[in-house]
Every structure is written in structure tokens, then in C-alpha cells.
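One structure is given here, and the rest of the page talks about it.
The values are calculated or read from the model by the stated rules, or taken from the named source; none is laboratory data. Please read these numbers as outputs of a predicted model, since none were measured by experiment. With ideal geometry, Cβ positions are generated from the backbone for all residues, glycine too; neighbour counts draw on all protein chains shown.
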Amino acid sequence: MNAKLGSWGKILPFAAAACMPAMLLSAGGGDSIGVEIDPGKKFQKIEYFGASDAWSTQYVGDYWEDFLREKAARLLFSRKFDGAGNPEGIGLSLWRVNLGGGSLEGDESPIKFPWRGARSFIDPESGKIDMARCPGLRYFMEKAKGHGCENFLLFSNTPPIGMTKNSSYHKTEPDFRSNLKEDCYDDFAEYLAEVAKRLSDSGYNIKYISPVNEPSWKWTTDAQEGTPWLNPEIKRLAVELDKSIQKRGLETKIFLPEADSIQNIYGCERFQKDNPNSREDAAFNQLYAFFDPASKDYIGDLKTLARQIGAHSYHTHLKNGQLREVRERAAKEAQKYGVEFHQTEWCFLGFYADPKKLDGFTADWKTKNYADMQTALHMAKIIYADLVFGGARSWSYWVATELRDGICALIDAEGFVEDAKKGREMRPNKLLWALGNYSFFIRPGYDRVSLEGAEDLDGVIASAYASPDGGKIVAVFVNFKHGEVAAKVSLKSSGAKLSGVYKTDDRSDLALVKFSPESGCVELAPRSVTTAVWTVRE
């Protein structure tokens, strides 16, 4: 048949016929679904996809050989295709840069694992800022920029050690109060703003400063940098940081509060029983605390505060019901205050590792396979839920690389056991490539658009996005089924032609697969993440 896509994307007879072979030739038979994409019905605008350089990435940048550092940078940031038409990397569009507290400064403040420590730009001898002190940080910033990464966010887990109450990179008292000295709020704000200015003057687009991280956590472990914050303490710091940013004439915005759970931005269900502080002071219910004029901690009128709220997707994704309920409530509350929701950190934490606790995992899943295809499918579902149910305008993974186990990272940085400063290999895993199914193709400024017919969290889910000029339409499909599925797509856009299909599954890493440009069908392999791209010519 020579029938073509109608001017409003009506499925004509060739579409069903094109889907038929995959269904018939599949060893176990096949399924099919009907999907309708309407680029005219728009939702939120996507700002970026990101990951962070904490902590091993900076360590790798400091010590490892160029060919390994280059490989990591290419995998994370490249927007190019190789000779076979496969993406070289995942094209991250924001790089989260950790401004360390100084946990690698000699023996005075030893961290348990040196590759989980972080330098500060403050010279401990002179007390002055020295931008040459963090070469690994600067290396990956430069590589990100060179590959076309458009945006940078500076985030802090702890103030510099010299500004902390206990002269340490972590808390020793589980009181949920900040470790920042009472007389150092202005000093810390000045430090953050001055580093942002110097990096901006060097040509980096420092879009945000995120001064606090997971403020409701105790942070008494010696394994990483961290401090909790009460809401009044966050307000006090934000007021000082607003002054420091304005004084320097920066376009950088303050980004808050990087809550450890989405629930904390609208309620106080998590950890409240362990927190000795009053409900209104503890780091909960932060949409109200910071954006409601009736709150004593209101800061919504600060000139440099982004009207956004950031939270991490931990603790709210084990079961499909919770996955949807929590994000829909967050979206409703954020809309109430006219605030954008951003998901700013997730990885698969070890204490989730029980297939009985997780919807979608098979009973034979091995609990050490934190970066295999099953985990990648789970992550793809979380991204879908954050973007579709939560209306998130961005999505960021936690650490880009990690030494030793590599269980929480996109890339396993494999060093020598006897000397972690010497690298052996950079091993990308399925999490990297599944994230790339989103991040490589959905660029800053794309709008999420209507996609109907793929909403089964145990079967097939999909979401769609359109470029600002309408010339590209991208759909990301996640197939949880153990058999092939043919997605028969009705696209309401004249002149749309399928121009690429890219698959991540057990055997493929964001690989270009065969497709028919005139077909209305996208074939979904079993247990896979698949991105389909249409080019629109009027």
C-alpha cells in the first residue's frame, strides 16, 4: 500500500499492516497498543536533564589519565552520533557542580573514603578563594561546556569547614540544626556568590546556586559531607545570598531546598517523629514555608530566588500507587503557589534491594544488580512519573561516576584496588543509556505534549515532547512486558515522518534500530526503553 499519514495524523491502513510482522514473527507472539500524540496540547516546558560531579567525578578529574576522563565526559555530555548512527553519549544539558566543604584538606578532617570527599575553593592557610584549588571540578566543567552542555548549577552539602560549628564536614549532634556558625551566614553567602561570579566571568552559565541539600536529614555519618537545616535557617541564608548575588549583578538564581523526599515539600509525614524541632521550623511543608506570604519563613519576594522547588525522588517509588499519588499531590500544591517542580536527585539506594518491595521487579532479580536493565526500567518509570504526574520541568540523576562498587552511578569508575588515584576503565551501565533515551533527545525548551494510550505502569508507558519550533517530536516508550509490543502511533501533525528509533535493553545501549519512515508503528522490544523521533516538514 502507498497510503500516507493524513494531515492530522489519522492512522490509515498501512499502519496496522506495518505493525503486523513484528507481532507475527515474535517467538512468543506480540501485543499492540494504539497511541495518539497531539503536539497542539502542551503541558510543561522542559528545562534540562542533569547529573552531578559528586564525588568521584571530581576525584577522577584530579588524578586519572586523560583517556579515561575523556571517555567519561563523552559518555555524559556528547550530543554526536557515531558512524553507525548511535548516540555517542547522553547529552546532559545541566551539570550539577559540588562546591565541597574541604573534607579532603589534609588530616584534620579525614573522610572515610577519600574519593567521596571534596575540596573547597578556600585556601585553608590564607582563608582566601583560590580558583585553582579544584582542578577535577574545573576539568569536567570545561568538558561539559565543550560538548555543548548549556547550564551549570552549584550545590553545597556543607559550608566550608572553617565556617562550621564543629570544624567538621558533617554533624555530630542529631539535632537537625545547621552546622553553619551563627556569625557566618553572610560569609557563606559571599563565598557562594563570589565563586559563581568567578566561574561566570570564565564563561560558564551558572544558572543556579543551591545552598542547602536534603535539609531534613541528620547528616551525622562520616562517609560524606552534609548538614541539616531548619526552615528559618534556610530563610536566613537565602536572604543573605540574595544580597550577595545582587551586589555582583549576577543573573544566577537561588534554587531551594533539595528536599530528600517529594513529600517534604508539601507535608511533614517523613521523619517528623524523629525531629525534636517544632513543626513550623523543621524542614517540612516547604512550599508553604517559603512561598506562602502567611508563613513566618516566607521568601517568595526575594529578587534572585527562582520560583521553583527542588526535591529528590527517594523513598516514594517502590509501589506504583505511591509513585503516582505523591507526585500528583506535589503538582497540585506547587500549582497552588505558582511554583515549578524540579526533580533534582535520584539513584537506586541499597536498602531498596528487595524485589518483594518493588513493583515491576522479577522474583529472581539479584539484589546487587543496582545498575542492570531491571533497575533502568524502574528509573525510566520514575522519570515518566516525575514528568507526567508531577509536572517536573527537569530531571537529574545523582552521581555521574563512582569508584569501587559503582552501584549508585551512571558510570562505574573502575580504579586499582591498591591505589584509587589510578584508573583502569570507565564502564557505562544501563542507567546511563536509559537516562539517555530522555536526555539526548529532549532538549531544553521542549514542551511535554499530549500522549494517550500508554499509561499502564505494569505494561507500557510513554510520554511525548515537541521542540520549540515544532520541527521535532520525541516519544519515549517504556515496555515492562516480557514480550514485544507494537505501538501504533497516530500523530496529529502534518508532514511528520519517523526519522529515528533508539533502543536500550539487555543487548542494546541507546542503539539505532531498523524502522520504516512512512510507518505509523514503533516496535518495542521486551523489557526495553525506546525513543522515537519524528521530523515535521510543513
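Details
- Scanning the stretch 213-266 for residues that are touching a Pro at 6+ places or on another chain (Cβ under 9 Å) and of a type in the set (Ser, Thr, Tyr) gives Ser216, Thr220, Thr227.
- Identity of the residue in the stretch 264-292, assigned to a loop (DSSP other than H, G, I, E, B), among the charged types (D, E, K, R) and modelled with pLDDT under 95, that ends up surrounded by the fewest Cβ atoms within 10 Å (Cβ to Cβ): Arg279
- Among residues of the stretch 468-505, those that are basic (Lys, Arg) and either part of a strand (DSSP E or B) or assigned by TED's automatic domain parsing to the domain that holds Phe81 (or both), counted: 4
- Applying a threshold of 7 Å to beta carbon distances and a minimum spacing of six or more residues, or different chains, the list of pairs starting in the stretch 444-455 at a residue that is at positive phi and ending at one that is surrounded by fewer than 16 Cβ atoms within 10 Å (Cβ to Cβ) reads Gly445/Lys45; Gly445/Pro468.
- A single entry from Tyr208, Tyr191 fulfils the requirement of being among the hydroxyl-bearing types (Ser, Thr, Tyr) and either closer than 22 Å to Asn285 by Cβ or over 21 Å from the mean Cα position of the chain (by Cα) (or both): Tyr191.
- Checking each residue in the stretch 229-247 for being hydrophobic (A, V, I, L, M, F, W, C) and assigned to a helix (DSSP H, G or I) picks out Ile234, Leu237, Ala238, Val239, Leu241, Ile245.
- Scope the stretch 130-165; condition surrounded by fewer than 17 Cβ atoms within 10 Å (Cβ to Cβ) and either touching an Asp or Glu at 6+ places or on another chain (Cβ under 8 Å) or within 18 Å of Glu214 (Cβ to Cβ) (or both); matching residues: Asp130, Pro135
- The combined condition, being hydroxyl-bearing (Ser, Thr, Tyr), closer than 26 Å to Gly321 by Cβ, at pLDDT below 95 and in contact with a Phe, Trp or Tyr (Cβ under 9 Å, 6 or more places away or on another chain), is fulfilled by Tyr370.
- Criterion: of a type in the set (Lys, Arg), in the same structural domain as Phe255 (by TED's automatic domain parsing) and in a loop (DSSP other than H, G, I, E, B) - qualifying residue of Lys171, Lys145: Lys171
- Scanning the stretch 436-461 for residues that are under 15 Å from Lys42 (Cα atoms) and part of a strand (DSSP E or B) yields Asp447, Arg448, Val449, Ser450, Leu451, Glu452.
- Criterion (more than 16 Å from Ala462 (Cβ to Cβ), part of a loop (DSSP other than H, G, I, E, B) and at pLDDT below 95) met by exactly one of Ser508, Ser519: Ser519
- Residue in the stretch 293-305 that is in contact (Cβ under 8 Å) with a residue 24 or more places away in the chain, surrounded by 23 or more Cβ atoms within 10 Å (Cβ to Cβ), within 30 Å of Asp53 (Cα to Cα) and in contact with a strand residue (DSSP E or B) (Cβ under 9 Å, 6 or more places away or on another chain) present: no
- Test result for Val239, at negative phi, buried (at least 23 other Cβ atoms within 10 Å of the Cβ) and in contact (Cβ under 8 Å) with a residue 24 or more places away in the chain: no
- When residues of the stretch 514-530 are limited to those that are under 26 Å from the mean Cα position of the chain (by Cα) and surrounded by fewer than 24 Cβ atoms within 10 Å (Cβ to Cβ), the one farthest from Gly89 (Cα to Cα): Pro526
- Residue within the stretch 203-225 that is in a helix (DSSP H, G or I) and either in the same structural domain as Ile122 (by TED's automatic domain parsing) or surrounded by fewer than 23 Cβ atoms within 10 Å (Cβ to Cβ) (or both) present: no
- Filtered residues of the stretch 31-47 (kept if under 17 Å from the mean Cα position of the chain (by Cα) and buried (at least 24 other Cβ atoms within 10 Å of the Cβ)): none
- Subset tally (residues that are surrounded by fewer than 24 Cβ atoms within 10 Å (Cβ to Cβ), within 16 Å of the chain's Cα centre (by Cα) and of a type in the set (Phe, Trp, Tyr)) for the stretch 50-72: 0
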